[in-house]
Amino acid sequence: MAEVSVIGGGVGGMVSALLLARSGHEVRLFEQLPRLGGKLAEHRRDGFTFSLGPSLLTLPGVFRELGVRRELVELRELCRYRFADGSRLSAHRDPERMAAEVERLAPGQGARWRAFHAWARGCLEASTRTFFAGPLTRPPSEARLSDLTAVAPGRTLAGLARRAFTDRRLRQYVARYATYAGSNPYRAPAALGCIPAIEHDHGGWYVPGGLPTLADDLARLLEEAQVEVRLSARVCEVVAGGGRVRAVRLADGGEVGCEVVIVNTDAAELYGHLLPDRRRLRRIAALGPSSSAFLLLAGVEGRTEGLAHHSILFSADYRAEFGDLFEHRRPPRDPTVYVGCASVDDPSQAPEGAEAWTMLVNVPARDPSRWPLSPQAYRDLVLERLAERGHDLSGRLRFVDLFTPADLRERYGAWGGAIYGGAYSGPLAPFRRPGNRGPRRGLYLVGGSVHPGGGLPLVAMGGRIVADLVNRDFPVGKATS
Ligand SMILES: Cc1cc2nc3c(=O)[nH]c(=O)nc-3n(C[C@H](O)[C@H](O)[C@H](O)COP(=O)(O)OP(=O)(O)OC[C@H]3O[C@@H](n4cnc5c(N)ncnc54)[C@H](O)[C@@H]3O)c2cc1C
């Protein structure tokens, strides 16, 4: 049995704390904010509720296995896409309906979508046996030689899209999945193309009451497992000596001794401040930050005919958009806009006769004070683009609250406001991100900035990987000195 300190109450931190407490360790979790959940958070105003983070849940089985029993709503339409030429594509969950919809949009491409889906499924199966299965320190026992080729090594996601489809719009649809990892499709590995198989084979889900209620479920499970949760408790140092961790030091001056420290803050925050390590920090910097988000949270008067729960309104030139994001590091002049409206499926999210709209634009992980235009001016640009693409909200806005990269950085300690730590840039990027074991005995990392990556299911899988590592290194029932 070990005394375990978890720094950060995001999903990765909560899952590892839960599993280790269930294994019999003594677990304390320190969260700097007054609530658990990290980026899984909400914003409320005047009867409207908005998610500040996740809006789509995938692979819900990962949470059910932990004991989350909440009823979920499966979305039959995963997302509605609108392309710059005005054409639309409804991404149906059911693969056959999706293939028919692709054929309707672009005759001749339905069969190509089936082939692409079969490839994505193979890639997902290979990734599940290998990449998601463990800490990557040794080949997983289930791995097969063919898994190496199943993930299309050496190809970018945009390259994969070019091979899969001859229609420009469908290439944009595939490339879009890089943004699930905050990355540039023209640099990100093709393996991210497995995400459509996650959505079409396992579904996309909504959590009634809003996705952030999942954090409340996990908090209840932590209480049952007798994890000691300390809120508004910022850790400012990991104390190490003799090659192992010894304690965590709190900003209020207190120190708590422990044999195991699990870091759920960004890896850059660990190596930059909590346990400075310039070499490891340089390695993270070399990845370049993943993208951040600019959110417009709007209380909208009236109901919008035919609005989907999730919509993507694409830009005209994806290459230029990602050039703005990752090369010029400025908010895209012609951004793709995500519109989420949970009140389509859940009336509790907005007052009667109104809608809660979350509009998300990918922006660089950079302080808005260094943008070429102010957040207010960019807000107006986004609303203009939206109006051009068929959603004119003028006269319907009760309010628009903004959430910027500076908020992501200040609230959660996210590196420059990056959502997922380092970007997936280059074919080997997934293997160059920080691993789950730290450079001292008893030090582990979990969460969106480390292996296996960000997004709710992956950070939860990371929590399990880290709990397994700790259980192996500090078996319950054995002295661990
Ligand atoms: C706008 C947006 C949209 C997203 N959409 C989706 C989606 O649709 N689907 C999906 O699956 N995922 C989505 N994600 C990603 C998902 O939210 C994250 O990958 C996941 O929640 C991150 O979990 P984590 O374990 O890395 O912890 P985080 O959420 O990063 O939490 C880390 C915690 O550590 C705390 N902390 C930091 N430093 C300290 C310290 N020194 N002491 C104590 N506590 C500290 C922070 O306050 C925070 O609570 C989205 C994220 C964002 C921002």
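Nothing in this text is a laboratory measurement; each read-out follows from the coordinates by a stated rule. Keep in mind that this is a model prediction, so the values were computed, not measured. Glycine gets a Cβ as well: all are built from the backbone with ideal geometry, and neighbour counts include every protein chain shown.
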TODO: Within the set of other residues whose C-beta is less than 12 Å from the C-beta of P189, count the net charge using Lys and Arg as +1 and Asp and Glu as -1.
DONE: +4
- [ ] Report the net charge of residues surrounding G353, where surrounding means a beta-carbon distance below 10 angstrom and charges are Lys +1, Arg +1, Asp -1, Glu -1.
- [x] -2
Task: GluC sites (Glu not before Pro) restricted to segment 285-376 and DSSP loop, no more than 12 other C-beta within 10 Å - done: E305, E352
TODO: For segment 66-181, just say rounded, prolate or oblate: build the C-alpha gyration tensor, square-root its eigenvalues into a ≥ b ≥ c, call rounded for a/c under 1.5, and beyond that prolate if a/b exceeds b/c, oblate if not.
DONE: oblate
Task: Charge dipole (the chain, unit charges on Cβ, about Cα centre) - positive-most of A342, V263, L211 - done: V263
TODO: Give the shape of segment 169-246 as rounded, prolate or oblate, defined through the alpha-carbon gyration tensor: a ≥ b ≥ c are the square roots of its eigenvalues, a/c under 1.5 means rounded, and otherwise the shape is prolate if a/b is larger than b/c and oblate if not.
DONE: oblate
- [ ] Calculate the tail of P(r) for the chain: the fraction of all Cα-Cα distances greater than 41 Å, expressed in %.
- [x] 15 percent
Task: Relative contact order of the chain, defined on C-alpha pairs under 8 angstrom at six or more residues apart (%) - done: 24 percent
- [ ] Could you tell me the largest-minus-smallest coordinate of the C-alpha atoms of segment 1-90 on each of the three principal axes, in descending order and whole angstroms?
- [x] 60, 31, 25
Open item on the list: Whole angstrom only: what separates the Cα centroid of segment 70-116 from the Cα centroid of segment 247-276?
Closed with: 45 Å
Task: Dipole of the chain, positive end: most advanced residue of G413, S146, V4 [Cβ charges, Cα centre] - done: S146
- [ ] May I ask you to derive the relative contact order of segment 96-202, considering only C-alpha pairs under 8 Å and at least 6 residues apart, and to give it as an integer percent?
- [x] 29 percent
Open item on the list: Report the Cα centroid-to-centroid distance between segment 357-375 and segment 1-42 in angstrom, as an integer.
Closed with: 30 Å
Task: Formal net charge of residues neighbouring V245 (Cβ-Cβ distance under 9 Å; K, R +1; D, E -1) - done: +3
TODO: Identify unpaired cysteines across the chain, taking unpaired to mean no other cysteine Cβ lies under 4.7 Å from the residue's Cβ.
DONE: C79, C236, C258, C341
Open item on the list: Given axes a ≥ b ≥ c from the Cα gyration tensor, I'd like to know whether segment 254-371 is rounded (a/c under 1.5), prolate (a/b larger than b/c) or oblate.
Closed with: oblate
